[in-house]
Amino acid sequence: MLPTLGVRHRLAVPIALLLSLGWATGASAAIARQETVTAASTASPTTLPSIQGGTSQTYVLFIATDPANVVSAVSGGGLTWTLQKDQCGAKLVTAERVWTAQGSPGSAFQVQITYGGGSGELAAVLSRYSGVASVTGAAGENTNGPGGSCGTGPANGNVQLTLTSTQANAVFTIGVAPNAENVVSFKSGYAAVGSQSAGSSSKIQNTYVYDRTFASPTTDQFTATTDIGKAKWATAGIVLVPTVVVGPNLTFALSVNPSTSSPPGTDLAYTTTFTNSGTAPAQTVVITDPVPAYTDFKVGSETHNLGTTGLTVVVAYSNDGGSTWTYTPVSGAGGAPVGYDRLVTNIRWTFSGSLSQTAPNNTGTAGATMRIR
């Protein structure tokens, strides 16, 4: 026997188990950033490059301008555009603004920005997202702190902004306006969405945009640094909330004991824990688990714990890779040691009844023991 054989059985999820998860719908749809376009301007109005339409899309537009250069209107796609946050820098030389729109434009379109009142430099980054239900949690910050006042204050290169989400799989998206400086680093875990510079010499507006998906509700402080370290920066950000899908959401967790590399002759007790964390009961749950290679099924070792789920179960065995399910395990079959069966290739648990979405009635386990040859 191979001396390292036990390594094959360290928490390896069986392929058939993965396939059995495909029917379950999630509690929330994944938000996806689809595309990004940018534009620079020194005169109003500014028209951005074309961006695609689609069903149930969310458009997020970050704009950096002189604070006196008020953005009076954003239009395009037949959508209603909403100013979510307008944050000036402490020294009144830059401001970061974030506008959003949601809808289903039938075709590609261009966004137009109308502004005026100050120097004409404008830098814009526009992104399209799918899977967004709503926009919330708008916040801004400058060197005077969260929602910092304008007109006077320190200059530094330590950019930051804190956002909070109350729902899983939300996306934080943040725009940074460091005036004439450049962002040279940003917090790990965030992705660079796009950047744009407008103007020249002392009249420069830069904007940098980042986003990140958080699997759980959280509060997170985004940080970044600028190249010179004397920026009169401003930040603005929002939280994109995912669309909730009504339906069951089954998750499966596989464990094995012992979980360390083990020698031939060791019994491995596999347990699959299944949980419905969705918004509706699961009507049909089937777990199909192949016997790992180089192991023998221990006759009579199948276990299941259905707790307070109210489910019932029928267990079946296959000796032909899952083509048929009429085999009955036999001690010593296939040349296995007494008490084990080498011919069992798959085990299937078919549960009847509704698996609730409410704890503690939403979880159970199924398992079996295999012996390393």
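The values are calculated or read from the model by the stated rules, or taken from the named source; none is laboratory data. On a predicted model such as this, the values are computed, not experimentally measured, just so you know. Neighbour counts run over all protein chains shown; Cβ positions are idealised from the backbone, glycine included.
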Q | Of all residues making up region 252-281, the number that are among the β-branched types (Val, Ile, Thr), out of contact with any Ser or Thr (no Cβ under 6 Å at 6 or more places or on another chain) and within 29 Å of Asn362 (Cβ to Cβ) | A | 3
Q: Evaluate region 249-262: report whether one residue or more is out of contact with any helix residue (DSSP H, G or I) (no Cβ under 6 Å at 6 or more places or on another chain), over 30 Å from Thr295 (Cβ atoms) and either β-branched (Val, Ile, Thr) or touching a residue at least 24 places away in the same chain (Cβ under 8 Å) (or both).
A: yes
**Q.** Among (1) within 24 Å of Gly76 (Cβ to Cβ); (2) outside any strand (DSSP E or B), the one test that Gly148 misses
**A.** (1)
Q. Taking region 104-145 as the region of interest, how many residues are farther than 26 Å from Thr58 by Cα, in a strand (DSSP E or B) and free of Cβ contacts under 8 Å to residues at least 60 places away in the same chain?
A. 1
Q) Does region 27-66 hold any residues that are in contact with a strand residue (DSSP E or B) (Cβ under 7 Å, 6 or more places away or on another chain), of a type in the set (Val, Ile, Thr) and either within 18 Å of Gly116 (Cβ to Cβ) or not in a strand (DSSP E or B) (or both), and which are they? A) Ile31, Thr42, Thr46, Thr47, Ile63, Thr65
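Yes/no per residue for (1) more than 22 Å from the chain's Cα centre (by Cα); (2) among the aliphatic types (A, V, I, L, M); (3) loosely packed, with under 14 Cβ neighbours inside 10 Å; (4) modelled with pLDDT under 95:
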position: Gly6; (1), (2), (3), (4): yes, no, no, yes
position: Thr42; (1), (2), (3), (4): yes, no, no, yes
position: Gln57; (1), (2), (3), (4): no, no, no, no
position: Pro67; (1), (2), (3), (4): yes, no, no, yes
position: Gly76; (1), (2), (3), (4): yes, no, no, no
Q. So which strands (runs of 3 or more DSSP E) are wholly in region 261-354 and hold at least 1 residues that are farther than 30 Å from Asn249 by Cβ and either touching a Phe, Trp or Tyr at 6+ places or on another chain (Cβ under 6 Å) or acidic (Asp, Glu) (or both)?
A. 267-276, 295-298
Q. Taking region 197-246 as the search range and keeping residues that are within 26 Å of Thr164 (Cα to Cα) and in a loop (DSSP other than H, G, I, E, B), which one is modelled with the lowest pLDDT?
A. Val245
Q: Check whether at least one residue in region 178-191 is in the same structural domain as Ser41 (by TED's automatic domain parsing), modelled with pLDDT under 95 and acidic (Asp, Glu), and report yes or no.
A: yes
Q. When the residues of region 107-126 are filtered to those that are surrounded by fewer than 18 Cβ atoms within 10 Å (Cβ to Cβ) and under 21 Å from Thr82 (Cβ atoms), which remaining residue is farthest from the chain's Cα centre (by Cα)?
A. Gly117
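Here's the yes/no breakdown for (1) hydroxyl-bearing (Ser, Thr, Tyr); (2) more than 18 Å from Thr65 (Cβ to Cβ):
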residue	(1), (2)
Val93	no, no
Gln112	no, no
Leu126	no, no
Val132	no, yes
Glu141	no, no
Gly147	no, yes
Thr152	yes, yes
Gln160	no, yes
Thr164	yes, yes
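For (1) closer than 28 Å to Glu141 by Cα; (2) small (Gly, Ala, Ser); (3) touching a helix residue (DSSP H, G or I) at 6+ places or on another chain (Cβ under 8 Å), each residue gets a yes or a no:
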| position | (1), (2), (3) |
| --- | --- |
| Ser41 | yes, yes, no |
| Ser44 | yes, yes, no |
| Thr58 | yes, no, no |
| Val71 | yes, no, no |
| Lys91 | yes, no, no |
| Thr100 | yes, no, no |
| Ala108 | no, yes, no |
| Val111 | yes, no, no |
